[in-house]
1. Scan segment 8-19 and give yes if some residue there is modelled with pLDDT under 85 and closer than 21 Å to residue 146 by Cα, otherwise no.
2. Residues of segment 51-65 being over 12 Å from the mean Cα position of the chain (by Cα) and loosely packed, with under 15 Cβ neighbours inside 10 Å, which ones?
3. Which numbered condition in (1) at pLDDT below 90; (2) on the phi > 0 side of the Ramachandran plot is the only one that residue 82 fails?
4. Only one residue in 98, 111, 132 is modelled with pLDDT of 95 or more, in contact with a helix residue (DSSP H, G or I) (Cβ under 7 Å, 6 or more places away or on another chain) and surrounded by 19 or more Cβ atoms within 10 Å (Cβ to Cβ). Which one?
5. Those residues that are over 18 Å from residue 42 (Cα atoms) and part of a helix (DSSP H, G or I), I need them from segment 123-141; list them, please.
6. Going through segment 21-35 one residue at a time, which ones are more than 17 Å from residue 50 (Cα to Cα) and either at pLDDT 90 or above or within 16 Å of the chain's Cα centre (by Cα) (or both)?
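The values are calculated or read from the model by the stated rules, or taken from the named source; none is laboratory data. The structure displayed is predicted, hence computed values, not measured ones. Here Cβ is always computed from backbone atoms with ideal geometry, including for glycine, and neighbour counts include all displayed protein chains.
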């Protein structure tokens with residue numbers, strides 16, 4: 001049947017393996033460069049042991065700037081632009097760490113988690129990426145809402161939103 005998705009589709013089938021990660025101690029300058037260099041919108045954040053402890057996205061960075069959390073919001077807006085400008089012109093006091101920007105308690109699933117459950121989790125938590133981890137919490141992949149859109153027909157996505 002065209003457009004039919006097997007019930008056995010799991011995270012390992014739809015994830016991007018070996019996700020790019022940031023360390024929670026990285027500076028915001030480093031994370032923005034990482035996002036720009038790889039043309040991505042967010043990454044898992046890991047601790048010193050490599051375990052997922054959060055996620056950070058361009059949206060998190062913008063929220064922090066708009067909430068007045070940054071001493072220099074213009075710095076963040078300029079850096080978020082997809083440009084090759086030299087960041088050295090911005091004052092050092094505007095540097096903050098990823099830990100200050102990240103969303104803690106990231107949505108994590110195992111490689112065998114059904115894709116429908118991942119979609120449901122994204123809808124419930126209003127997020128666009130889920131970290132796929134091994135048994136000890138180390139990121140092995142990432143599933144984005146776009147990844148799921150590529151594999152689910154429109155009617156399946158509607159059912160996932162409805163919780164059926």
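1. The answer is yes, given that some residue of segment 8-19 is modelled with pLDDT under 85 and closer than 21 Å to residue 146 by Cα.
2. The one that is over 12 Å from the mean Cα position of the chain (by Cα) and loosely packed, with under 15 Cβ neighbours inside 10 Å: 63.
3. All conditions are met except number (2).
4. 132
5. 124
6. 28, 30, 32, 33, 34, 35, listed by residue number.
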